[in-house]
1. What net charge is computed for the residues neighbouring A273, neighbours being all others with C-beta under 13 Å from the C-beta of A273, Lys and Arg scored +1, Asp and Glu -1?
2. Per-residue ellipticity at 222 nm for the chain, helices alone: DSSP H runs ≥ 4 residues times -39500 (n - 2.57), over residue total, nearest 500 deg cm²/dmol?
3. Order of C221, C288 from fewest to most other C-beta atoms within 10 Å?
4. Percent antiparallel among DSSP beta bridges with both residues in the chain, to the nearest 5?
5. If you take the beta carbon distance between V20 and E56 as r and set R0 to 22 Å, what does 1/(1 + (r/R0)^6) give as a FRET efficiency, to the nearest 0.05?
6. What's the exposure ranking of F95, F232, going from fewest to most Cβ atoms within 10 Å?
7. Give, as a single signed number, the net charge of other residues whose beta carbon lies under 12 Å from the beta carbon of A29, with Lys and Arg counted +1 and Asp and Glu -1.
8. Taking amide H atoms as placed 1.01 Å from N in the peptide plane, list the residues 5 or more away in sequence, or in a different chain, whose amide H sits under 5 Å from that of V334.
Amino acid sequence: MTNAVPRRGGPASPPTPPRVRLVDVAREAGLSKTTVSAALNGTGRLSPAVREAARETARRMGYRPNATARQLRAGRARLIGYVVGEFAGAPWTFFESPYFAQLTSATAAAALKRGYALVLLPAGSLHSEWAELPLDAMIVADPVGDDRIIDDLIAARIPVFTDRSAEGRPGAHWVDVDAVAAVRETLDHLEAEGARRPALVVPDSTTRFHARAVAAYRDWCAEHGVPEQVVFAAEAGNGPVVRAVEEALTGADRPDALFVVAEASPPLVLEAARRHGYDVPGDLLVVCVSEDTTATHTRPPMTTLSLGPQEVAEAGIQLLVAALEQGGGPSAGVLVPTRLEVRASSLRTGTARAD
């Protein structure tokens, strides 16, 4: 008896099963190849039963369209790059932000609904990190003032969706919120509730939104004859923002209202106020720019300014896909409304108004 000599390099790998073709699905379903193609693409005049039978057979057999062939026919890969400019120092921390988590999720869903997939890239991406990817377009959420990525994308003739800082540039489409109107609405609300010394906590950031928020606050203070109290959070995240909140609360001019534009957990903001002897809303009114769902469960419930991430995502993808599928066109933009959700933390009575 002889022992079989093992092949050099170890045992042979099992053969790769052949790829399921459209004709295989058609044969299994008892339908023509044309009918199955129409069913899977959502075209043609087919009965619901036939369409469902074709789709179920394709799913069961593990059929996937040939992406390479589709790309060659359509002239595009149906991939959209996505980068958050504000977090260049810590590329993936935007997932910890309720705003950016919702914006990213809603953008991916809106793109997929239109047949495009999102490719997540680290903030501060270099040209070499995206230039060789087959991207049809790029989304740059909240670019910082000195970020060159938009210039590079426009030079490479890649359509861009970003904020209003790119307005009027060829190949750039924008969706934004009116930061000035949002800040004024919030400060007017606080003044109507009796605030005379509102303090502002903002990120130390060069994004368009934050720069305009600070300018709007300073203009409002000058117009109303009230002192400015601006504190900058050195970094993003709950720790740095809460420290900035505490700095604002312990300043020489004790504020009677706090407008926290830097994103932080509402319960942590309220806890910081309590630690420093403030009663909310008795002697301190508080508003946070936040998408955090805990705001409705704090004691008292937190007034929030929402920047509408779902609406921003839907409007942006709609503009971008239209530009891709209709052959470009002029730069276009949309302003998405913000929502001031008034709750007990910014009402002297402690009772939210019915809108």
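1. Neighbour charge sum, excluding A273 itself: -2.
2. Result for the chain: -11500 deg cm²/dmol, rounded to the nearest 500.
3. The order, fewest Cβ neighbours first, is C221, C288.
4. Around 10 percent antiparallel, to the nearest 5.
5. That gives a FRET efficiency of 0.95.
6. Taking fewest neighbouring Cβ atoms as first place, the list is F95, F232.
7. The answer is +2.
8. W174, V175, D176
Each value in this text was obtained by applying a stated rule to the coordinates, not by laboratory testing. The model shown is predicted, which means the values in this text are computed figures rather than measured ones. Note that each Cβ is placed from the backbone with ideal geometry, even for glycine, and that neighbours are counted across all protein chains shown.
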